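Here the structure is laid out as structure tokens; the discussion comes afterwards.
The values are calculated or read from the model by the stated rules, or taken from the named source; none is laboratory data. Predicted model, so just to flag it, every value in this text is computed and none were measured. Every residue, glycine among them, receives a Cβ derived from its backbone with ideal geometry; neighbour counts consider all protein chains shown. Accessible surface is based on the protein model in full, side chains and every heavy atom, while ligands, DNA and RNA are left aside. Shrake-Rupley method; radii C 1.70, N 1.55, O 1.52, S 1.80 Å.
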Amino acid sequence: CRGFSLVELLIVAAVIGLIAAIAIPNLVNAIQRGRQSRSVGDLRGIATAVAMYQQDYAKYPVAAENSNAEDLRPHLASYMENFNANDGWQRPFRYTSDGDHYTILSFAIDGVSSAPYSEGASNYFEDDIVLVDGSFWQYPEGTQE
């Protein structure tokens, strides 16, 4: 019965390490993209409910600057069955409205505001996801870094 030599075991360990070094960053990137996608979908759902509220009451729910979206729950309960006030990173969405206009945003992966916002697509996980009056102002798209 012949066993494995030390050289053969080291080669197998090196190959496994190489595969792990390639696969783990891609896995982490895929997890963060999934969190972004979930946040975008939840923001769309909240925006739809806010628009339905506005149709019924002729104004958007009023909230101070950067209030937690959880404060919307009583206003939107009849418009959304599964209200999720947290983004993909389990931090609260932020909501601001004067009654005529509104903004909902996620502070994304780092949990810190990246204002000022640039209109259009973003390629960085740290950039906030911003929805203004039913349209995305800053949103993730393409390969993220």
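Name the single residue, out of those in the stretch 22-62 being of a type outside the set (Phe, Trp, Tyr) and in contact with a helix residue (DSSP H, G or I) (Cβ under 6 Å, 6 or more places away or on another chain), that is farthest from SER122 (Cα to Cα).
Applying the first criterion (of a type outside the set (Phe, Trp, Tyr)) to the stretch 22-62 yields 22-52, 54-56, 58-59, 61-62.
Keeping just the survivors that are in contact with a helix residue (DSSP H, G or I) (Cβ under 6 Å, 6 or more places away or on another chain) gives 49, 61.
Values: ALA49: 25, PRO61: 28 Å.
In this case the residue turns out to be PRO61.
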Some residue of the stretch 58-66 being modelled with pLDDT of 95 or more and of a type in the set (S, T, N, Q): no
Filter result for GLU126 (among the acidic types (Asp, Glu), in a loop (DSSP other than H, G, I, E, B), at pLDDT below 90 and open to solvent by 40 Å² or more (accessible area, probe 1.4 Å)): no
Test: residue in the stretch 37-47 that is of a type outside the set (A, V, I, L, M), surrounded by 10 or more Cβ atoms within 10 Å (Cβ to Cβ) and more than 15 Å from the chain's Cα centre (by Cα): no
